[in-house]
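Since the structure comes first, as structure tokens, the remarks are kept for the end.
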Amino acid sequence: MRIRAFIIGCCVLLAPLAGIAASAGAQAGLIKVNGAIGPATSGYIARAIKVAERRGDSCLVIQLDTPGGLLESTKEIVQSLYASTVPTAVFVAPEGANAGSAGCFITLAADIAAMAPNTSIGAAHPVALGGGGGGGEGGTDQTMKTKMENFAASFIESIAQKRQRNIEWARSSVVESASITATRALELKVIDLIAADVPDLLRQLDGRTVNGHVLTTRDAQV
């Protein structure tokens, strides 16, 4: 199996790394998103999905570590994940990583939600989500804050419902800024699995059926 890896940092452009070839056969895609979520991130993920679809990859893994970001970009990423014909797995990693704010929405929206040990997810209150114009909430009045909170709560509830994750906790991550560890997230059925690293994740994904696709990822190497 062949994996091709790319990486993006906060406010930097897509930079391809060399592909790593194993035995011939199926392929899996791997991208890494580090830093704040913004328009560059949204475009990067959309392009990665298109590449994975064109290559016929078994799945696309999005390794994520983010404190949050823009609401509009988050919505675009969620839409890309929904529209993907390639199974997607968001993996909050490495150890010490966080899927905060926007990252919580993105993780829940993937076909497979996974976390590494000693990572965290949550704190999705919209105070941390900037608007489409790139600013935060500091200049808005209380009515606008309430509207944004209500929208964010309903948005994350709809994501959790679609992906059959814990709707109650998802709402609490917005309304109460709830944040939990990987272990607790698995217990509460917020995520699907905990993996030590990408190879371990791919081994655990092997044989799963996602949207009619049987994942063949056991022999992947990174």
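The values are calculated or read from the model by the stated rules, or taken from the named source; none is laboratory data. In this text, all values refer to a predicted model and were calculated from it rather than measured experimentally. Here Cβ is always computed from backbone atoms with ideal geometry, including for glycine, and neighbour counts include all displayed protein chains. Please note that ligands, DNA and RNA were not included when accessible areas were found on the heavy atoms of the full protein model with its side chains. Shrake-Rupley method; radii C 1.70, N 1.55, O 1.52, S 1.80 Å.
Short version: ³J(HN,Hα) in whole Hz for each residue of the stretch 159-173, in order, from phi by Karplus 6.51 cos²θ - 1.76 cosθ + 1.60 (θ = phi - 60°), x for Gly and Pro, what are they?
My calculation for the stretch 159-173 gives 5, 4, 5, 4, 8, 6, 10, 6, 5, 4, 5, 4, 5, 5, 5 Hz in order.
In µm²/s, what is D for the stretch 44-197 at 20 °C and 1.002 mPa s, where D = kT/(6 pi eta Rh) by Stokes-Einstein and Rh is the Kirkwood radius from Cα pairs?
Rounded to a whole number, D works out at 139 µm²/s.
For a label point 7 angstrom out from the Cα of Phe151 toward its Cβ, which stretches of the stretch 66-100 have the backbone nitrogen within less than 14 Å?
It comes to 70-76, nothing else.
Excluding residues on the same chain fewer than 8 positions from Lys162, give the lysines whose Cα lies under 16 Å from its Cα.
Filter leaves Lys75, Lys189.
Using the Kirkwood radius over Cα pairs, work out the Stokes-Einstein diffusion coefficient for the stretch 24-121 at 25 °C and 0.890 mPa s, in µm²/s as a whole number.
In µm²/s, the coefficient is 188.
At 0.36 nm per residue, minus the direct Cα-Cα distance, what do Thr143 and Arg203 gain on full extension? Give it in nm, one decimal, please.
Gain in length upon complete extension: 16.8 nm.
Express in nm, to one decimal, how much length is gained between Leu188 and Glu53 on full extension, taking 0.36 nm for each residue of separation and deducting their alpha carbon distance.
45.4 nm
Give me a comma-separated list of calculated 3J(HN,Hα) values for the stretch 96-109, in order, Karplus coefficients 6.51, -1.76, 1.60 applied at θ = phi - 60°, integers in Hz, x for any Gly or Pro.
Couplings: x, 6, 9, 10, x, 6, 4, x, 5, 4, 5, 4, 5, 7 Hz.
Just the number, please: carbon plus sulfur as a percent of the accessible area of the stretch 66-215, 1.4 Å probe, no ligands or DNA/RNA counted.
The nonpolar share, carbon plus sulfur, comes to 49 percent.
Residues with amide H under 5 Å of Leu30's amide H, sequence separation 5 or more or different chain, H placed in the peptide plane at 1.01 Å from N; which?
Residues meeting the criterion, in which the H sits 1.01 Å from N, are Arg4, Phe6, Val61.
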